[in-house]
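A.B. asks: The structure follows.
The values are calculated or read from the model by the stated rules, or taken from the named source; none is laboratory data. Quick caveat, the model's predicted, so the values are computed rather than measured. Cβ atoms come from the backbone with ideal geometry, glycine included; neighbour counts cover every protein chain shown. Heads up: the accessible areas ignore ligands, DNA and RNA and are worked out on the full protein's heavy atoms, side chains in. Shrake-Rupley method; radii C 1.70, N 1.55, O 1.52, S 1.80 Å.
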Amino acid sequence: MPPIPGSGLAKGLAVTLRTMTKRSVTARYPDAQPELPPRSRGVIALFEENCTVCMLCARECPDWCIYIDSHKETVPPAAPGGRERSRNVLDRFAIDFALCMYCGICIEVCPFDALFWSPEFEYAETDILDLTHERDKLREWMWTVPAPPALDPAAEEPKELAAARKAAERAAAANRAAGPGEDGT
């Protein structure tokens with residue numbers, strides 16, 4: 001059966017009337033901060049101590065909005081007769097939030113947990129060139145990152161921990177089965 005002419009218009013008007021009769025709720029934004037959902041995406045924060053300048057975040061970024069500069073530094077040997085090592089030292093870490101599309105790929109690929117989502121969302125600038133934030137500003141946002149959610153007590157034990165626990169139990173059982181040692185204990 002074909003639809004009745006004008007039924008779409010009637011449905012649209014019904015939705016409009018329902019919306020018009022409901023009381024609106026106005027958020028008093030600058031005076032009252034909004035309730036953000038947990039783990040909301042605001043800006044990307046940098047935990048500089050964990051950054052090894054591996055450049056994975058910059059390489060994987062689809063917008064190429066992460067800028068990293070570093071230099072190599074020679075570290076003396078840890079023990080006499082050892083060899084010197086070299087390590088990368090972070091000189092610049094900047095993110096251009098005018099280009100960033102907040103996809104989170106950089107956070108996902110970071111193998112050393114140096115990047116995190118911060119719920120901070122008030123970082124507007126009057127000039128678009130000021131949206132490139134350097135590592136000092138990214139580090140400030142690190143302290144607004146919420147703690148990770150608690151682990152689910154009903155979750156399955158990680159495979160690595162289960163394997164290590166089973167190996168320790170087998171070793172303890174083998175030691176008990178072997179009996180006392182040579183010293184009589």
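A.B. asks: Can you tell me how many residues within segment 16-66 are open to solvent by less than 80 Å² (accessible area, probe 1.4 Å) and not in a loop (DSSP other than H, G, I, E, B)?
C.D. replies: Of the residues in that region, 11 qualify.
A.B. asks: Count, please, the residues in segment 89-130 that happen to be without any contact (Cβ under 8 Å) to a residue 60 or more places away in the chain and either in a helix (DSSP H, G or I) or open to solvent by 40 Å² or more (accessible area, probe 1.4 Å) (or both).
C.D. replies: Counting residues in segment 89-130 that are without any contact (Cβ under 8 Å) to a residue 60 or more places away in the chain and either in a helix (DSSP H, G or I) or open to solvent by 40 Å² or more (accessible area, probe 1.4 Å) (or both) gives 18.
A.B. asks: May I ask you to verify whether Glu160 is part of a helix (DSSP H, G or I) and free of Cβ contacts under 8 Å to residues at least 40 places away in the same chain?
C.D. replies: So Glu160 fits the description; yes.
A.B. asks: Would segment 81-96 turn up any residue that is in contact with a helix residue (DSSP H, G or I) (Cβ under 6 Å, 6 or more places away or on another chain) and closer than 30 Å to Leu129 by Cβ?
C.D. replies: Applying the first criterion (in contact with a helix residue (DSSP H, G or I) (Cβ under 6 Å, 6 or more places away or on another chain)) to segment 81-96 yields 93.
Okay, now just the ones that are also closer than 30 Å to Leu129 by Cβ, so 93.
Yes: segment 81-96 contains one or more residues that are in contact with a helix residue (DSSP H, G or I) (Cβ under 6 Å, 6 or more places away or on another chain) and closer than 30 Å to Leu129 by Cβ.
A.B. asks: Considering each of Phe116, Phe121 in turn, give the residue that is farther than 20 Å from Cys61 by Cα and among the aromatic types (Phe, Trp, Tyr). Outline the logic, then answer.
C.D. replies: Working: Phe116 fails: farther than 20 Å from Cys61 by Cα.
None of the others qualify; the one that does is Phe121.
A.B. asks: List every residue pair whose Cβ atoms lie under 8 Å apart, where the two residues are 6 or more positions apart in sequence or sit on different chains, the first residue falls within segment 14-40 and is under 21 Å from Glu120 (Cα atoms), and the second residue, located anywhere, is open to solvent by 90 Å² or more (accessible area, probe 1.4 Å).
C.D. replies: These pairs meet every condition: Pro38/Pro149; Arg39/Pro149.
A.B. asks: Among the residues of segment 67-83, which ones are of a type in the set (Ser, Thr, Tyr) and surrounded by fewer than 16 Cβ atoms within 10 Å (Cβ to Cβ)? Spell out the reasoning first.
C.D. replies: Taking segment 67-83 first, the residues of a type in the set (Ser, Thr, Tyr) are 67, 70, 74.
Within segment 67-83, Tyr67, Thr74 qualify.
A.B. asks: Would you mind stating whether Ser86 is more than 24 Å from Ala147 (Cα to Cα), part of a strand (DSSP E or B) and either hydrophobic (A, V, I, L, M, F, W, C) or modelled with pLDDT of 95 or more (or both)? Explain how you work it out, then say what you get.
C.D. replies: On the way: more than 24 Å from Ala147 (Cα to Cα): yes; part of a strand (DSSP E or B): yes; either hydrophobic (A, V, I, L, M, F, W, C) or modelled with pLDDT of 95 or more (or both): no.
Considered against the rule, which asks whether it is more than 24 Å from Ala147 (Cα to Cα), part of a strand (DSSP E or B) and either hydrophobic (A, V, I, L, M, F, W, C) or modelled with pLDDT of 95 or more (or both), Ser86 comes out as no.
A.B. asks: Which pairs do you get when a residue that is closer than 15 Å to Arg92 by Cβ, found in segment 43-59, comes within reach of a residue that is in a strand (DSSP E or B) and of a type in the set (Gly, Ala, Ser), reach meaning Cβ atoms under 6 angstrom, with the pair 6+ apart or on two chains?
C.D. replies: Val53/Ser70
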